[in-house]
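The values are calculated or read from the model by the stated rules, or taken from the named source; none is laboratory data. Small disclaimer: the values here were computed from a predicted structure and weren't measured. Methodologically, a virtual Cβ is constructed for each residue, glycine included, from the backbone with ideal geometry; neighbour enumeration extends over all protein chains shown.
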Amino acid sequence: MPKLYGIGASPFVRKVRVALAEKGIAYEHEPTIPVNVSPEYKKISPLGKIPAYSDDKHTLADSSVICAYLERTHPQPPLYPSDPYEFARALWFEEYADGALVQITGPKIFFQRVVQPKFFNQKCDESIVQKALDEELPPYFDYLESQVGDGGVIAGNHFSIGDIGLGVHFVSLKFAGVGVDANRWPKLARYVEHVHARPSFKKVIEEEAPLFSA
Ligand SMILES: N[C@@H](CCC(=O)N[C@@H](CS)C(=O)NCC(=O)O)C(=O)O
């Protein structure tokens, strides 16, 4: 059976879990914390990061790489638009989320509000969180508000890797007690609600919630 290495708190692990659920692929979850990883783990994930993935043929690291592989090994249902431009747009939003949005939602909000108190017994530095909420996150939300269409997806006509890539970081925000203000960003708020209502997201959110509750 395929194996996914990582822990729930990682949005990148969450991304692969949602893709696996969308494609109906059964797998084992191997809890792996990306600190002082074993030499064996480095053979699968040379940078020592999570997630990593193995099936009966191959091992792979990196959420984007793993999701792209799953698309080829399990093409149904497709998670990448077939139209070339919409395909590129879905990849753009995956990259926008993984490469930039996470730098605010991860260390400045989720890490402060959830990881510090829950796992390190340290106080949250609320000034870091407030600066992120007041100054750093709004430009991202403004941009996404301008990009979200009425169909509830970010690219093409169907749910895609772009929606997964974005949606997982809004799960981190949710666990940190941060929502999207529907008065200021009505389309984005509706979009996030829609994405998180999918069975794949709902399952992951329900399974992770006990890890982060007080
Ligand atoms: N581009 C990678 C990023 C993975 C990543 O940064 N994972 C974090 C956890 S959320 C990690 O393993 N950090 C440990 C480290 O950087 O050494 C992906 O999409 O899988």
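Can you tell me which residue among A189, A182 is surrounded by 14 or more Cβ atoms within 10 Å (Cβ to Cβ), assigned by TED's automatic domain parsing to the domain that holds S160 and small (G, A, S)? Explain how you work it out, then say what you get.
Details: A182 fails: surrounded by 14 or more Cβ atoms within 10 Å (Cβ to Cβ).
Only one candidate passes the filter, namely A189.
Residues that are at pLDDT below 95 and aromatic (F, W, Y): list the helices (runs of 4 or more DSSP H) wholly contained in segment 116-187 that include at least 1 such residues.
Counting at least 1 such residues, we get 116-119.
For (1) touching a residue at least 24 places away in the same chain (Cβ under 8 Å); (2) surrounded by fewer than 18 Cβ atoms within 10 Å (Cβ to Cβ), each residue gets a yes or a no:
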position	(1), (2)
H58	no, yes
A61	no, no
V65	no, yes
Q76	yes, yes
E95	yes, yes
V114	yes, no
Q130	no, yes
